[in-house]
1. Identify the residue in region 108-118 that is over 15 Å from K10 (Cβ atoms) and under 20 Å from the mean Cα position of the chain (by Cα) and, among all such residues, is least open to solvent (accessible area, probe 1.4 Å).
2. If I ask for residues that are modelled with pLDDT of 95 or more and open to solvent by 80 Å² or more (accessible area, probe 1.4 Å), which ones from region 144-155 would you list?
3. Can you confirm whether region 68-78 contains a residue that is under 16 Å from the mean Cα position of the chain (by Cα) and of a type in the set (D, E, K, R)?
4. So, in region 137-155, exactly how many residues are in contact with a strand residue (DSSP E or B) (Cβ under 8 Å, 6 or more places away or on another chain) and over 20 Å from K81 (Cα atoms)?
5. Can you confirm whether region 98-105 contains a residue that is in contact with a Cys (Cβ under 7 Å, 6 or more places away or on another chain), under 22 Å from K5 (Cβ atoms) and of a type outside the set (D, E, K, R)?
6. Only one of L133, L69 is open to solvent by less than 40 Å² (accessible area, probe 1.4 Å) and farther than 22 Å from Q148 by Cα. Can you tell me which?
7. Just to be sure I understand the filter: pairs with C-beta atoms under 9 Å, separated by 6 or more residues or on different chains, first member in region 63-75 and more than 20 Å from F14 (Cβ to Cβ), second member of a type in the set (A, V, I, L, M, F, W, C) and at pLDDT 95 or above. Which pairs pass?
8. With respect to I82, is the statement that it is open to solvent by less than 80 Å² (accessible area, probe 1.4 Å), of a type in the set (A, V, I, L, M), part of a loop (DSSP other than H, G, I, E, B) and farther than 23 Å from A19 by Cα true?
Amino acid sequence: MMKNKTMSIKQELFSKCQAFVDAKLNTIKTTIAELQQALNSETKSTAGDKHETGRAMLQLEREKVGQQLAEVQKTNAVLAKIDIEKTGNIIGLGSVVYTNKANYFIAISVGEVKVDDTMFYAISPLSPIGQSLLGKTVGDVVVFREQQLRITTIV
């Protein structure tokens, strides 16, 4: 029973991270579509320079949004590498980590995520706290921002 409960927490955390990425992806895709439409409807006016400036601004905005899209796709790729069925004694990508101070889901940077009245921090393994936790096991103590975190459980 306990194993199913902990696995459902991991599934829930994963789902919330996926929803976060999906929402960002949809926002970016909508913005790209709107920019493309604005670019297509930008008509040649009598003030040619003004028209060219408008198009250049739209192009720059589209490039910026394209970079955001690439970042979200990278984040999605990290999420895709997580096997939520896998559990282990060593903290790695996809681990749910309980400490005496806070709980973490090593996945992507989402921030605070609540599951069944328990607060977790969805963090990237590349974040400072993620780097401190990687490779640790139950009972290990990690010092982060002058706080001692004792690892109590890894799922």
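1. Taking region 108-118 and keeping what is over 15 Å from K10 (Cβ atoms), we get 109, 111-112, 117.
Keeping just the survivors that are under 20 Å from the mean Cα position of the chain (by Cα) gives 109, 111-112.
Working: S109: 76, G111: 28, E112: 119 Å².
Among them, the one singled out is G111.
2. Q148, R150
3. Initially, region 68-78 is screened for residues under 16 Å from the mean Cα position of the chain (by Cα), giving 68-78.
Cutting the leftovers down to of a type in the set (D, E, K, R) gives us 71, 74.
Yes, some residue in region 68-78 is under 16 Å from the mean Cα position of the chain (by Cα) and of a type in the set (D, E, K, R).
4. First, pick out the residues of region 137-155 that are in contact with a strand residue (DSSP E or B) (Cβ under 8 Å, 6 or more places away or on another chain): 137-143, 148-155.
Okay, now just the ones that are also over 20 Å from K81 (Cα atoms), so 137-143, 148-153.
Final tally of qualifying residues: 13.
5. Pass one, region 98-105, residues in contact with a Cys (Cβ under 7 Å, 6 or more places away or on another chain): none.
Checked region 98-105: no residue is in contact with a Cys (Cβ under 7 Å, 6 or more places away or on another chain), under 22 Å from K5 (Cβ atoms) and of a type outside the set (D, E, K, R).
6. On the way: L133 fails: farther than 22 Å from Q148 by Cα.
Exactly one of L133, L69 is open to solvent by less than 40 Å² (accessible area, probe 1.4 Å) and farther than 22 Å from Q148 by Cα, namely L69.
7. V65/I28; G66/I28; Q68/I28; L69/L25; L69/I28
8. Working: open to solvent by less than 80 Å² (accessible area, probe 1.4 Å): yes; of a type in the set (A, V, I, L, M): yes; part of a loop (DSSP other than H, G, I, E, B): yes; farther than 23 Å from A19 by Cα: no.
In short, no.
The values are calculated or read from the model by the stated rules, or taken from the named source; none is laboratory data. Note that this is a predicted model, so its numbers are computed, not measured. Neighbour counts run over all protein chains shown; Cβ positions are idealised from the backbone, glycine included. Accessible surface is based on the protein model in full, side chains and every heavy atom, while ligands, DNA and RNA are left aside. Shrake-Rupley method; radii C 1.70, N 1.55, O 1.52, S 1.80 Å.
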